[in-house]
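Please treat every number below as a calculation from the coordinates, not as lab data. Here the structure is a predicted model, which is why all the values come from computation and not from measurement. Note: ideal-geometry Cβ built from the backbone for every residue, glycine included; neighbour counts use all protein chains shown.
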Amino acid sequence: MTDRDGRLAIGELAARSGLAPSALRYYEEMGLIHSERTTGNQRRYPRTALRRVAFVRAAQVVGLSLEEARAALDRLPVDRAPGAAEWNAVARTWQRRIDARIGELERLRERLTGCIGCGCLSLRKCGLYNPDDVAGSQGPGARYLEGDPLPEA
């Protein structure tokens with residue numbers, strides 16, 4: 001329900017944004033969107049919250065975390081819809097992030113094509129090429145997928 005000032009109740013924001021009310025409350029807790037409270041302590045969101053939610057969802061599609069989305073939103077006005085120049089400045093930072101993510105995915109693809117399927121992603125190909133799990137001594141996780149250099153074959 002929209003109030004006389006054009007603010008949206010959480011149910012209407014949920015219906016229009018496609019997110020559950022619990023997700024919207026979480027977004028608010030994280031500082032991604034903001035609401036005002038009525039005298040009955042109900043949340044009312046400005047219409048600009050719809051754009052902010054769409055922005056966050058787009059950020060997630062390109063691989064940004066909620067924290068990265070919040071950092072970008074912190075550079076945009078809270079009380080009005082951002083202008084084209086403001087959106088473009090944020091988009092430029094996303095392009096760098098997307099390019100970096102593409103590079104990560106290409107490296108992942110190259111490394112996975114050599115996998116025999118043993119399931120241990122810290123190994124170059126299999127235990128024969130990484131006796132005693134030398135990669136494991138470099139730290140936890142999928143060392144080579146995280147960017148550690150591959151040993152010479």
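The modelled label-to-label distance for the pair residue 62/residue 99, using points 7 Å beyond Cα in the direction of Cβ, is 1.2 nm.
Here the calculated FRET efficiency for residue 78 and residue 109, from their Cβ-Cβ distance with R0 = 25 Å, stands at 0.05, rounded to the nearest 0.05. For residue 30, the shell of other residues with beta-carbons less than 9 Å away shows a net charge of -2, using +1 for Lys and Arg and -1 for Asp and Glu. Neighbours of residue 69, meaning other residues whose beta-carbon lies under 13 angstrom from its beta-carbon, give a summed charge of +3 when Lys and Arg score +1 and Asp and Glu score -1.
For segment 2-42, trypsin sites (Lys or Arg not before Pro) meeting the loop criterion (DSSP other than H, G, I, E, B) and having at most 13 other Cβ atoms within 10 Å: 4. Given +1 at the Cβ of Lys and Arg, -1 at the Cβ of Asp and Glu and no other charges, the dipole of segment 7-88 around its Cα centre is 320 debye to the nearest 20.
When you restrict to C-alpha pairs under 8 Å that are six or more residues apart and normalise by the size of segment 1-55, the relative contact order lands at 37 percent.
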